[in-house]
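Here's the structure we're looking at; comments come further down.
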Amino acid sequence: MDWEEFAFQREEMVRSQLVKRGIKKESVLDAFLHVPRHMFVLEQTKHLAYSDGPLEILSNQTISQPYIVAQMTEALDLKPDDRVLEVGTGSGYQTAILAELVEEVYTIERIEALHTTAKNLLINTLGYHNICFLHQDGKKGYPEKAPYNKIIVTAASQSIPRDLLNQLEDGGKMVIPIGGDFLQKLLLLEKNHTRFTEKVLGYCRFVPLI
């Protein structure tokens, strides 16, 4: 399958999976048109890269359904000068989408194989230079560069991690799946001094935040 065919599949993915489900922000849609999702999946599933669902990647982890990635991204209301913390690099696909939209991305991954593979792909192959890669426990965030304008968590937590909330600036937003192993609520949190407002974006299923 050549690049032209993949480009057609990206356009179809954006039209049928994102726009039709209500994703409106042009910058988000443009990022999905630009990032080559087929480079973030296993070789044997490249033909499914733009399908409407999650796919298995290395280390028994998954790359999320395109719509879920878009929904989480749009909910953050990203600005070009934002500094974003991502907890759970995974395949690096969400990381690339963020890097298309903001000035700085700090991404944390605890699984070494995923950390190494994503870093090599995003820096050496795709040429992103606004991403800082961290191989450590994501639940504790990265306080050295806090506060962040936005935080996105791509693994499910039983409760909202206090360490991450403390690293969010006043007025900042965080998207995180909260719940058990089989079904979670996708929450949008917004910080207002010491208080947080919550909005349920929908329901989802992510691997656990360990």
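The values are calculated or read from the model by the stated rules, or taken from the named source; none is laboratory data. What you see is a predicted model, and the numbers here were worked out from it, not measured in a lab. Note: ideal-geometry Cβ built from the backbone for every residue, glycine included; neighbour counts use all protein chains shown.
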Of the conditions (1) more than 15 Å from the chain's Cα centre (by Cα); (2) surrounded by fewer than 21 Cβ atoms within 10 Å (Cβ to Cβ); (3) of a type outside the set (Ser, Thr, Tyr), Glu100 fails just one. Which one is it? (1)
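So that you can scan it fast, the table gives a plain yes or no per residue for (1) surrounded by fewer than 21 Cβ atoms within 10 Å (Cβ to Cβ); (2) within 23 Å of Ser91 (Cα to Cα); (3) touching a helix residue (DSSP H, G or I) at 6+ places or on another chain (Cβ under 6 Å); (4) not charged (D, E, K, R):
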residue	(1), (2), (3), (4)
Val153	no, yes, no, yes
Asn166	yes, no, no, yes
Phe182	yes, yes, no, yes
Leu186	no, yes, no, yes
Asn192	yes, no, no, yes
Phe206	no, yes, no, yes
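Taking only segment 100-127 into account, find how many residues are closer than 16 Å to Asp81 by Cα and without any contact (Cβ under 8 Å) to a residue 60 or more places away in the chain. Working first, answer last.
Here is the first cut: in segment 100-127, the ones closer than 16 Å to Asp81 by Cα are 100-106.
With without any contact (Cβ under 8 Å) to a residue 60 or more places away in the chain added as a condition, the list becomes 102-106.
Adding up the residues that qualify gives 5.
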Can you tell me which residue in segment 170-197 is farthest from Lys79 (Cα to Cα), limited to those that are without any contact (Cβ under 8 Å) to a residue 24 or more places away in the chain and more than 19 Å from the chain's Cα centre (by Cα)? Phe182
Residue under evaluation Ser59, criteria (1) modelled with pLDDT of 95 or more; (2) in a helix (DSSP H, G or I), criterion not met: (1)
Could you tell me whether any residue of segment 73-80 is more than 18 Å from Glu56 (Cβ to Cβ), surrounded by 22 or more Cβ atoms within 10 Å (Cβ to Cβ), β-branched (Val, Ile, Thr) and out of contact with any strand residue (DSSP E or B) (no Cβ under 9 Å at 6 or more places or on another chain)? no
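Any residue that is in a loop (DSSP other than H, G, I, E, B) and modelled with pLDDT under 95 - is there at least one of those in segment 160-175? Talk me through it step by step, then tell me what you get.
Initially, segment 160-175 is screened for residues in a loop (DSSP other than H, G, I, E, B), giving 160-161, 167.
From what is left, the residues that are modelled with pLDDT under 95 are 160-161.
Checking segment 160-175: at least one residue is in a loop (DSSP other than H, G, I, E, B) and modelled with pLDDT under 95.
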Residues in segment 19-53 that are among the small types (Gly, Ala, Ser) and assigned to a helix (DSSP H, G or I) total 2
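Is segment 96-104 home to any residue that is modelled with pLDDT of 95 or more and in a strand (DSSP E or B)? Before you say what the answer is, go through the steps one by one.
Filtering segment 96-104 for residues modelled with pLDDT of 95 or more gives 96-104.
Right, trim to in a strand (DSSP E or B) and you get 104.
Yes: one or more hits.
Taking segment 137-151 on its own, how many of its residues are at negative phi and either crowded, with 19+ Cβ neighbours inside 10 Å or assigned to a loop (DSSP other than H, G, I, E, B) (or both)?
Here is the first cut: in segment 137-151, the ones at negative phi are 137-140, 142-151.
Those left that are additionally either crowded, with 19+ Cβ neighbours inside 10 Å or assigned to a loop (DSSP other than H, G, I, E, B) (or both): 137-138, 142, 146-151.
Selection size over segment 137-151: 9.
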